[in-house]
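Chemist: Starting off with a structure, shown below.
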Amino acid sequence: MARSHKQAAVIPYRITRWRVEIALVRTSSRNGWTVPKGSLDKGESGCEAAVRETEEEAGLLGELTRRPIGRYRYTKQHECYKVSVYVMRVTVVLESWREADRGRRWMAVEEAMKRLPPELHPCVRETQRIARRRPGPDLGSGTARETAGGPRSLAGTPAAASRRPAVASA
């Protein structure tokens, strides 16, 4: 029987003047696009892993939904993965981040849906609904505020154990 692993994924979004945009990152094999996602570290909650993975893989910080908006499963190399999907309203876009070599790209919802697997489509549609209900600041026409400073997530900080990710109700 295959071992089961818990993972957290995030659909990061921003509002530009005209539309909701989703941030995708290159897959680890660099041959496609995906959302930030990774395994939970020992003792880490799904929410904490979601914040950490989004900062490490996409260089994004923001307000995360309190609970996952969806879940899916997949199998890879005889291992079973259970993924909880969260939504993040991006408030900070870092200029440099841990896995910057993977690349990050903002896309319209329709374009992101074409690049993502079908199991994520309901979560992307729900992200769009959430974004329209609570739009937050207009980040301009295609460019978010770029900064190397500003608020930090849980990842990579000495005080990580005592800090909580920013959460919002979905």
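Chemist: Collect the residues in region 48-66 that are modelled with pLDDT of 95 or more, closer than 24 Å to Ser4 by Cα and out of contact with any Pro (no Cβ under 7 Å at 6 or more places or on another chain), keeping them in residue-number order.
Modeler: Ala49, Ala50, Arg52, Glu56
Chemist: Does Lys6 meet the test of being on the phi < 0 side of the Ramachandran plot and free of Cβ contacts under 8 Å to residues at least 40 places away in the same chain?
Modeler: Values: on the phi < 0 side of the Ramachandran plot: yes; free of Cβ contacts under 8 Å to residues at least 40 places away in the same chain: no.
It is false that Lys6 is on the phi < 0 side of the Ramachandran plot and free of Cβ contacts under 8 Å to residues at least 40 places away in the same chain.
Chemist: Which of the residues spanning region 84-100 are modelled with pLDDT under 95, over 16 Å from Lys37 (Cα atoms) and of a type outside the set (S, T, N, Q)?
Modeler: Glu95
Chemist: Among the residues of region 19-48, how many are surrounded by fewer than 17 Cβ atoms within 10 Å (Cβ to Cβ) and of a type in the set (Phe, Trp, Tyr)?
Modeler: Qualifying residue count, region 19-48: 0.
Chemist: Restricting attention to region 93-116, does a residue exist that is within 10 Å of the chain's Cα centre (by Cα) and buried (at least 20 other Cβ atoms within 10 Å of the Cβ)? Break it down stepwise before answering.
Modeler: Taking region 93-116 first, the residues within 10 Å of the chain's Cα centre (by Cα) are none.
For region 93-116, residues within 10 Å of the chain's Cα centre (by Cα) and buried (at least 20 other Cβ atoms within 10 Å of the Cβ): absent.
Chemist: Where in region 1-98 are there strands (runs of 3 or more DSSP E), lying wholly inside it, with at least 3 residues that are more than 25 Å from Arg125 (Cβ to Cβ)?
Modeler: 79-93
The values are calculated or read from the model by the stated rules, or taken from the named source; none is laboratory data. Remember, predicted model here, so these are calculated numbers, not experimental data. Every residue, glycine as well, gets a Cβ built from its backbone with ideal geometry; the counts of neighbours run over all protein chains shown.
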